[in-house]
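Heads up: the structure comes next, in structure tokens.
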Amino acid sequence: MTQVSTTQRLYSLDALRGFDMFWIMGAEEIRPHACQSHRLVVYGGDSNQLTHPEWHGFHFYDLIFRCFLFCAGVATPYSVDANLRKARQGRN
């Protein structure tokens, strides 16, 4: 009997991780240029959300690293479980 290995991915976590990596890689630099090239006027209202506040306050930019930590925390139990299964299969 052949054992079938199925991997189950949490696609919502993959999507959130991709979204977060998009911002980590510098997406805040893309938006002003895109708005300027398309002559969009909506950029002025929310541009301060993509900068780090100097002393106090809370902006969207402050969530990027926290989102990364959240993704790592959610993925850890899945990774540990997969490694434990592989270790058990190797012993049998």
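The values are calculated or read from the model by the stated rules, or taken from the named source; none is laboratory data. Only a predicted model underlies this, so the values are computations on that prediction, with no experimental measurement involved. Note: ideal-geometry Cβ built from the backbone for every residue, glycine included; neighbour counts use all protein chains shown.
Here the condition is being aromatic (Phe, Trp, Tyr), without any contact (Cβ under 8 Å) to a residue 60 or more places away in the chain and part of a helix (DSSP H, G or I); of Tyr78, Tyr61, it holds for Tyr61 alone. Just to be sure before I move on: is Phe22 modelled with pLDDT of 80 or more, out of contact with any Cys (no Cβ under 9 Å at 6 or more places or on another chain), surrounded by 14 or more Cβ atoms within 10 Å (Cβ to Cβ) and among the hydrophobic types (A, V, I, L, M, F, W, C) in the structure I sent? Against the criterion (modelled with pLDDT of 80 or more, out of contact with any Cys (no Cβ under 9 Å at 6 or more places or on another chain), surrounded by 14 or more Cβ atoms within 10 Å (Cβ to Cβ) and among the hydrophobic types (A, V, I, L, M, F, W, C)), Phe22 does not qualify. Against the conditions (1) surrounded by 10 or more Cβ atoms within 10 Å (Cβ to Cβ); (2) at pLDDT below 85; (3) of a type in the set (S, T, N, Q), Gln89 satisfies every one except (2).
Taking the stretch 44-80 as the range and being charged (D, E, K, R) and either at pLDDT 90 or above or on the phi > 0 side of the Ramachandran plot (or both) as the test, only Arg66 passes. The residues of the stretch 54-86 include none that are hydroxyl-bearing (Ser, Thr, Tyr) and loosely packed, with under 10 Cβ neighbours inside 10 Å.
On the stretch given as the stretch 9-31, residues that are more than 8 Å from the chain's Cα centre (by Cα) and free of Cβ contacts under 8 Å to residues at least 40 places away in the same chain total 10.
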